[in-house]
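A short worksheet on the structure shown next.
The values are calculated or read from the model by the stated rules, or taken from the named source; none is laboratory data. Since the model is a prediction, treat every value here as computed from it, not as a measurement. Cβ sites come from the backbone with ideal geometry, for glycine too, and all protein chains shown count toward neighbours.
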Amino acid sequence: MSSRLAPSVTADTQFFWDGVKEHRLLIQGCVGCGTLRHPPRPMCPSCQSFEWDTAEASGRGTVFSFVMPRHPALPGFDDGYVVALVELEEGTRLVTNLVRVEPAAVSIGMPVVVCFEEFDGGLVLPMFMPEDRP
């Protein structure tokens, strides 16, 4: 395992990170109008309801956008990593890393699937890999 900076966890995001530890990708949804949203927040941007629940995402999506940061190097990241905005089948988007793929092979629209990577200290992060990878 390797080291990685842990995300900031708040009362609004606790459910998401608890789900990730169980290898589940939970998305916040409005009870009032059914709109799914990510990142989690207290109020629905569509109907302003404060009532919400969660839906388990399929874990499948496509690369909506991506970048390959060059420098300065960040602790816990290997050189040549890919930061992507993945659009889930359910319609929400997540900022994540792409793994198990050569950076030059990444393309917009590429089908991806979630995988859960474990790091030192019990940290688990959702990342995405090409759909055709084992």
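Numbers below:
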item	result
Answer from ALA84, ALA73, ALA104 - the residue that is over 17 Å from PHE16 (Cα atoms) and modelled with pLDDT of 95 or more	ALA84
Scope the stretch 1-12; condition within 23 Å of SER58 (Cβ to Cβ) and buried (at least 17 other Cβ atoms within 10 Å of the Cβ); matching residues	none
Close pairs from the stretch 54-69: first closer than 13 Å to MET127 by Cα, partner crowded, with 17+ Cβ neighbours inside 10 Å and of a type outside the set (A, V, I, L, M, F, W, C), Cβ under 6 Å, at least 6 apart	GLY61/GLU87; THR62/GLU87
Which listed residue, of GLY34, GLY76, is at positive phi and either assigned to a strand (DSSP E or B) or touching a residue at least 24 places away in the same chain (Cβ under 8 Å) (or both)	GLY76
Total residues in the stretch 8-54, condition of a type in the set (Val, Ile, Thr) and closer than 23 Å to PHE119 by Cβ	5
Unmet requirement for ASP120, which otherwise passes all of (1) over 18 Å from LEU5 (Cβ atoms); (2) among the acidic types (Asp, Glu); (3) at pLDDT below 95	(1)
Where CYS44 falls short, out of the listed (1) without any contact (Cβ under 8 Å) to a residue 40 or more places away in the chain; (2) surrounded by fewer than 17 Cβ atoms within 10 Å (Cβ to Cβ); (3) not in a strand (DSSP E or B)	(2)
Complete set of residues in the stretch 92-127 that are of a type in the set (Lys, Arg) and not in a strand (DSSP E or B)	ARG100
Of residues in the stretch 1-29 being polar (S, T, N, Q) and within 18 Å of TRP52 (Cα to Cα), the one farthest from the chain's Cα centre (by Cα)	THR10
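Okay, residues lined up against (1) part of a strand (DSSP E or B); (2) of a type in the set (Phe, Trp, Tyr):
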position	(1), (2)
ARG4	no, no
SER8	no, no
PHE15	no, yes
GLY29	yes, no
PRO40	no, no
PRO69	no, no
GLU90	no, no
